[in-house]
Amino acid sequence: MKKILLFVIFSSLMVCGCQFDTTTTVNANNSVLWVQDFISEKSAKAVENPPASISICTYQNEVAYYVPAPCCDQFSSLYSIKREVICYPGGGSAGQGDGRCPDFDTAQAGCQEIWRDPR
């Protein structure tokens, strides 16, 4: 399973033509290590409804990872390859996120899901 996941992540990065910052920690397969940690963390917890997922995107010409909110009135998150929060593009009590990336809706069309909790 882990090899398949690494293949999917690596393939996704190759398809989008993404490049890594040299300070980003990557493993031998050029997979961002925090994505593996994210999947492990989510897999160790109870199944969310809807199931947890992560997508790879290009936002403002940079690689980004989109994590939808697990439920009502919670923020969806957009992370950099270093797992720094870029913004919260959706969710919250008004459903509009934090307003720091209002153009993400158009960028989101190019996102590709790389993992969804299969449980």
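Points to keep in mind about this one:
Okay, residues lined up against (1) within 25 Å of residue 92 (Cβ to Cβ); (2) at pLDDT 90 or above; (3) among the polar types (S, T, N, Q); (4) out of contact with any His (no Cβ under 6 Å at 6 or more places or on another chain):
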{"position": "30", "(1), (2), (3), (4)": "no, no, yes, yes"}
{"position": "40", "(1), (2), (3), (4)": "no, yes, yes, yes"}
{"position": "45", "(1), (2), (3), (4)": "yes, yes, no, yes"}
{"position": "51", "(1), (2), (3), (4)": "yes, yes, no, yes"}
{"position": "54", "(1), (2), (3), (4)": "yes, yes, no, yes"}
{"position": "60", "(1), (2), (3), (4)": "yes, yes, yes, yes"}
{"position": "64", "(1), (2), (3), (4)": "yes, yes, no, yes"}
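- Filtered residues of region 31-45 (kept if aliphatic (A, V, I, L, M) and surrounded by fewer than 16 Cβ atoms within 10 Å (Cβ to Cβ)): 33, 44
- Top-ranked residue in region 80-119 [being of a type in the set (Phe, Trp, Tyr) and modelled with pLDDT of 95 or more; ranked as farthest from the chain's Cα centre (by Cα)]: 88
- Within region 97-118, the residues that satisfy the criterion of being among the aliphatic types (A, V, I, L, M) and out of contact with any Phe, Trp or Tyr (no Cβ under 6 Å at 6 or more places or on another chain) are 109, 114.
- Selection of region 109-119 for residues being closer than 14 Å to residue 78 by Cβ and either buried (at least 17 other Cβ atoms within 10 Å of the Cβ) or β-branched (Val, Ile, Thr) (or both) yields only 111.
The values are calculated or read from the model by the stated rules, or taken from the named source; none is laboratory data. Just so you know, these numbers come straight off a predicted model, no measurement behind them. Cβ sites come from the backbone with ideal geometry, for glycine too, and all protein chains shown count toward neighbours.
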